[in-house]
Amino acid sequence: MDERMKKVFEPSEKVQKMYEAVAAFVEEKRDLSAIKVSDITSRAGIGKGTAYEYFSSKEEIIMYATMWLSGKQMNQLVSGISERTGFKEKYFYLLKWMQVHRQYNDLLLKTMKGSFQGDCEKIKSSVPTELMDKSREYVETQIDLILEQGYQEGIFTEQNREKRKLIFFGTLMQYGFCIMKREESKSIQMTEKELWEFTYECMVKALN
């Protein structure tokens, strides 16, 4: 396995502690652009010099921590979905998961856009294509399985898999925007469950 792949899927104990430190900062809503390598290593309980045995910069630590966190989240999500039975129950579980993990998703978006002093664009280019392709394929496979279940249950009639995914992801983006607006400005008055139902109804109508 490529050494860069190992940092994501098989991190050493010290590397994982650094990833967990980044996760802790995210939970505390810290500005990741303001933290230092020493902040990460101090939280991880290791020496600052140790970080540079594995990474070249703070941005690289955050990039790999983001990928590790995303993989961990995805495994938890798939496990949670598999424990639900009906399509609607699985869809609602996904929406709830999105809300709970929004701060991690924000971190992922910021990192992938290279918002940390512009250096992450260079780091992103060093990420193995195999890793990105594997992640994309895994996500699309899981979404296909969920949508096929909805089709088999007779909830919607759209047979084209690509159209299904486009609409599915479109409604997830809509939901993400709604929870952001509700948290920031309180302009959306719907309760959490009402917002779930609204998002679900929009998707079902679009797929019929």
In region 46-68, the residues that are under 13 Å from residue 15 (Cβ atoms) and out of contact with any Cys (no Cβ under 9 Å at 6 or more places or on another chain): 46, 50, 51, 52, 53, 54, 55, 61, 64, 65, 67, 68
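If you check residue 5 against the conditions, is it modelled with pLDDT under 85, surrounded by 13 or more Cβ atoms within 10 Å (Cβ to Cβ) and not basic (Lys, Arg)?
Working: modelled with pLDDT under 85: yes; surrounded by 13 or more Cβ atoms within 10 Å (Cβ to Cβ): yes; not basic (Lys, Arg): yes.
Here the answer is yes, as residue 5 does meet what is asked.
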Pairs where the first residue, in region 53-66, is without any contact (Cβ under 8 Å) to a residue 60 or more places away in the chain and within 14 Å of residue 33 (Cα to Cα) and the second is open to solvent by 10 Å² or more (accessible area, probe 1.4 Å) and of a type in the set (Lys, Arg), C-beta under 7 Å, 6+ apart: 58/36
Of residues in region 192-208 being assigned to a helix (DSSP H, G or I) and among the aliphatic types (A, V, I, L, M), the one surrounded by the most Cβ atoms within 10 Å (Cβ to Cβ): 203
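Give the residue that is least open to solvent (accessible area, probe 1.4 Å), with candidates limited to residues of region 24-33 that are free of Cβ contacts under 8 Å to residues at least 60 places away in the same chain and in a helix (DSSP H, G or I). Let's see the steps before the verdict.
Going residue by residue through region 24-33, those that are free of Cβ contacts under 8 Å to residues at least 60 places away in the same chain are 24-25, 28, 30-31.
When the remaining residues are screened for being in a helix (DSSP H, G or I), the result is 24-25.
On the way: 24: 21, 25: 5 Å².
Looking at the filtered set, the residue picked out is 25.
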Test: residue 66 is touching a Ser or Thr at 6+ places or on another chain (Cβ under 8 Å), farther than 28 Å from residue 133 by Cβ and not aromatic (Phe, Trp, Tyr): no
Close pairs from region 167-179: first on the phi < 0 side of the Ramachandran plot and among the small types (Gly, Ala, Ser), partner surrounded by 16 or more Cβ atoms within 10 Å (Cβ to Cβ) and at pLDDT below 90, Cβ under 6 Å, at least 6 apart: none
Yes/no for residue 38 being touching a helix residue (DSSP H, G or I) at 6+ places or on another chain (Cβ under 7 Å), farther than 21 Å from residue 100 by Cα, small (Gly, Ala, Ser) and open to solvent by less than 70 Å² (accessible area, probe 1.4 Å): yes
Which numbered condition residue 17 fails, given (1) within 20 Å of the chain's Cα centre (by Cα); (2) surrounded by fewer than 17 Cβ atoms within 10 Å (Cβ to Cβ): (2)
Any pair with Cβ under 8 angstrom, 6 or more apart, that starts in region 184-208 at a residue that is over 15 Å from residue 91 (Cα atoms) and ends at one that is open to solvent by 80 Å² or more (accessible area, probe 1.4 Å): 190/198; 208/157
Failed item, numbered, when residue 19 is tested on (1) assigned to a helix (DSSP H, G or I); (2) more than 24 Å from residue 100 (Cβ to Cβ); (3) of a type in the set (Ser, Thr, Tyr): (2)
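The values are calculated or read from the model by the stated rules, or taken from the named source; none is laboratory data. Predicted model, so just to flag it, every value in this text is computed and none were measured. All Cβ positions, even for glycine, are placed from backbone atoms using ideal geometry, and neighbour counts span all protein chains on display. For the accessible areas, the whole protein counts, side chains as well, though only heavy atoms, and no ligand, DNA or RNA atoms are used. Shrake-Rupley method; radii C 1.70, N 1.55, O 1.52, S 1.80 Å.
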